[in-house]
Amino acid sequence: MRRKQREESSNAGRWLTTYSDMVTLLLAFFVLLFAFSNVDEGKFSSIISAFQNYLGVLTEGQSILERPSPLPFDYSDMGHRQLYELFEQMSDYIEQEGLQGVELEIQERGLIIRFAEQVFFDLGQATLKPEALEILDNLADQLRELPNPLRVEGHTDDWPIRTSTFPSNWELSVHRATNVVRHLIEEDGFDPEKLSVAGYSEYRPIRPNDTAQNRALNRRVDIVILNIDMWSFEPN
């Protein structure tokens, strides 16, 4: 009799343990539901997309001469939808104008319009070519009224330069980007508050600097149409 009573007491204890575990799990589940109900949906989508990109679920970026389908991004929020539309618009523009040495690359941060050095500049120089001015003036009609901030980024290869004007590739990359921005402001009526300049010298190559062809690809100017969702991260 005593043995039976002890077994019943032991069984009751195990039942209570299982019940308490279940209640704890339900409590945790409802706490998570409450927490997610207060998350900003747009920001949450951006965080998830960025996290997926970090883990390699999305590619870092994709250079295009032909339009891929589908593009490697989730266009569920306003910023990404707009990037897709701009991608389509700029692809049509480049094709219609027959522009050579111009590529598009779409990344999480924005849409990059990539100009090879020879499109804008002579080797080792930062003065815009006459044909470059025409390209910029035509491009301005596509970009001027965008709500997005634009960043113009200058890049070089790893060959050193030492002149009185450009003691290093840092000065050359910055001068090139600055001259593009000055033209957009002074000649094409861009809002200076939406423009910024960056010079990366030789330190952001898109190809190894091991052949003449790859070095030519690394010498470039990028006009980056920044994701509108990142406007709040720009300095006031």
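Details
- Karplus-derived 3J(HN,Hα) values for the stretch 89-105, using 6.51 cos²θ - 1.76 cosθ + 1.60 with θ = phi - 60°, are 4, 6, 4, 4, 4, 4, 5, 5, 7, x, 6, 9, x, 10, 10, 10, 9 Hz; glycine and proline are entered as x.
- Most to least packed among 219-228, 139-148, 79-88 [average Cβ atoms within 10 Å]: 219-228, 79-88, 139-148
- At R0 = 41 Å, FRET efficiency that the Cβ-Cβ distance of Ala216 and Met78 yields, to 0.05: 0.65
- Sites Ser164 and Glu97, calculated FRET efficiency, Cβ-Cβ separation with R0 22 Å, nearest 0.05: 0.05
- When +1 charges are put on Lys and Arg Cβ atoms and -1 charges on Asp and Glu Cβ atoms, the dipole computed for the stretch 61-233 relative to its Cα centre reaches about 620 debye.
- For Gly110, the amide hydrogen comes within under 5 Å of the amide hydrogens of Asn227, counting only partners 5 or more places away or on other chains and with H modelled in the peptide plane.
- Listed by Cβ neighbour count within 10 Å, with the fewest neighbours leading, Ser173, Ser20, Ser164 appear as Ser164, Ser20, Ser173.
- Each residue of the stretch 187-198 was assigned a 3J(HN,Hα) from its phi angle through the Karplus expression (A = 6.51, B = -1.76, C = 1.60, θ = phi - 60°), giving 10, 10, x, 6, 6, x, 5, 9, 10, 8, 10, 9 Hz with x at Gly and Pro.
FYI, it's all coordinate maths here, none of it is from the lab. No experiment lies behind these values; they were computed from the predicted model shown. Note: ideal-geometry Cβ built from the backbone for every residue, glycine included; neighbour counts use all protein chains shown.
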